[in-house]
Amino acid sequence: MPTYEYECGKCRRRHEAFQSITAKPLTKCPACGGRLKRLLGSGSGFLFKGSGFYITDYRSKRYTDAKKKDEQAAAPKKPSASGGCKSGACGGSGDSCASA
Ligand SMILES: [Zn+2]
């Protein structure tokens, strides 16, 4: 379960909360009732600094992009050359295509 860090915009106190990813973010400072903003801790790989309050959309877009990239990287670009496509469909030549 990830740890979320919040900072109060009023008293500047920081709070940590263990929450599931689907849990609603905290919005209220338990100490003074001020507005909390969620900080992204070091565990998430990047730190968001700024005055923005909700960064959920930004984050989820980054996450989606990264995931897409991963999937593309994982997917083979050509039919496996080691198996030999034998038809030239792999676009390879010589050793990488058995039809050559
Ligand atoms: Zn506060």
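So which residues in segment 1-31 are assigned to a strand (DSSP E or B), open to solvent by 40 Å² or more (accessible area, probe 1.4 Å) and more than 9 Å from the ligand (Cβ to nearest atom)? Matches in segment 1-31: Thr3, Glu5, Arg14, Glu16, Phe18.
Only residues that are at pLDDT 90 or above and surrounded by 15 or more Cβ atoms within 10 Å (Cβ to Cβ) were counted across segment 35-57, and they come to 2.
The values are calculated or read from the model by the stated rules, or taken from the named source; none is laboratory data. Owing to the predicted nature of the structure, the values given are computational and were not obtained by experimental measurement. All Cβ positions, glycine included, derive from the backbone under ideal geometry; neighbour counts span all protein chains shown. Note: accessible area is taken over every heavy atom of the protein model, side chains too, but ligands, DNA and RNA are not part of it. Shrake-Rupley method; radii C 1.70, N 1.55, O 1.52, S 1.80 Å.
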